[in-house]
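Down below is the structure, laid out as structure tokens.
Any read-out appearing in this document is the output of simple, stated calculations on the displayed coordinates, not a laboratory observation. Since this is a predicted model, take the numbers as computed values, not measurements. Here the Cβ positions follow ideal geometry from the backbone for every residue, glycine too, while neighbour counts run over all protein chains shown.
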Amino acid sequence: MNNADNYFKLFGIEPGFELDQSALLNQYRVLQKQLHPDRFVQADDHQKLLAVQNTALVNEAYQTLKDPTSRAEYLLLQAGKETPNDTTIQDSVFLISQMELRENMADIAEGSCPEAQLEKLRAEVDQLSDDIKEEFVQHLNKGCEAELKQAVSCVQKLKFYDKLVAELNHLEEQLFD
């Protein structure tokens, strides 16, 4: 498959953090239609194997690009920087903020209006995450080594927010289902 080395080229979209999600989805559907293994039932074994591999590549590329944090990690990888999974964040202000957000989340279940508190906290987390995404783009666009290091730090922070959002979703299910 051509463009297998670059997910953005594979989908025919400009590389960058901001992207048109509907264009990505439309191109994903087009590629899936073209490459789906069911279209190669009558083909030889090699063609069938290629169809399976290409479909897997398209799925992986789509999942990577549709998620902002995964897309940020991929952009860093394209720039020659990996985001280590085991590195501790050294930003004490950020870590204290995370503790406070989690404390606020823990207080929601005992609050007088858990639904309103949950929505308020979700909006706060969304805004904080959006701020980090903007910071990421600024660092990535500058492209020098020091800026890319800061972009890596932004991705690590985004992972914290992603985890917090998942925990908020779980709390919401517990409270309202």
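Placing unit charges on C-beta atoms (Lys and Arg positive, Asp and Glu negative, everything else neutral), compute the dipole magnitude of segment 92-176 about its Cα centre in debye, rounded to 20.
In debye, rounded to 20, segment 92-176 gives about 400.
Toward the positive end of the charge dipole of segment 7-66, with +1 on the Cβ of Lys and Arg and -1 on the Cβ of Asp and Glu, the farthest Cα among Gln34, Ala56, Gln21 is that of Gln34. A simple charge model with +1 on the Cβ of Lys and Arg, -1 on the Cβ of Asp and Glu and nothing else charged puts the dipole of segment 127-177 at about 340 debye relative to its Cα centre.
Over what distance in Å are the Cα centres of segment 113-177 and segment 26-67 separated? Centre-to-centre (Cα) distance: 32 Å. Relative to its residue count, segment 50-177 spans a Cα convex hull of 133 Å³ per residue. When the charge dipole of segment 92-176 is built from unit charges on Cβ atoms (+1 for Lys and Arg, -1 for Asp and Glu) and taken about the Cα centre, the candidate among Gly143, Gln156, Met99 whose Cα reaches farthest toward its positive end is Gly143. Working from label points 7 Å from Cα in the Cα-to-Cβ sense, the Thr64 to Asp20 distance is 2.2 nm. Taking each residue as 0.36 nm, the span from Asp86 to Lys142 lengthens on full extension beyond its C-alpha to C-alpha distance by 17.6 nm. Its alpha carbons give segment 87-137 an Rg and a Dmax of 12.9, 39 Å. Rounded to the nearest 10 degrees, the inclination of helix 114-142 to the longest alpha-carbon principal axis of the chain is 60 degrees. Each Lys and Arg contributes +1 and each Asp and Glu -1, all at the Cβ; summed about the Cα centre of segment 2-47, the dipole is approximately 160 debye. Annotation: the residues Val155, Val137, sorted from fewest to most other C-beta atoms within 10 Å of their own C-beta, follow the order Val137, Val155. The C-alpha atoms of the chain define a longest principal axis, and helix 145-176 lies at about 70 degrees to it. With no solvent and one equal point scatterer placed on each C-alpha of segment 7-66, evaluate the Debye formula and give log10 I(q)/I(0) for q = 0.24, 0.30 Å⁻¹, two decimals. After summing over all Cα pairs, the log10 values are -0.91, -1.23.
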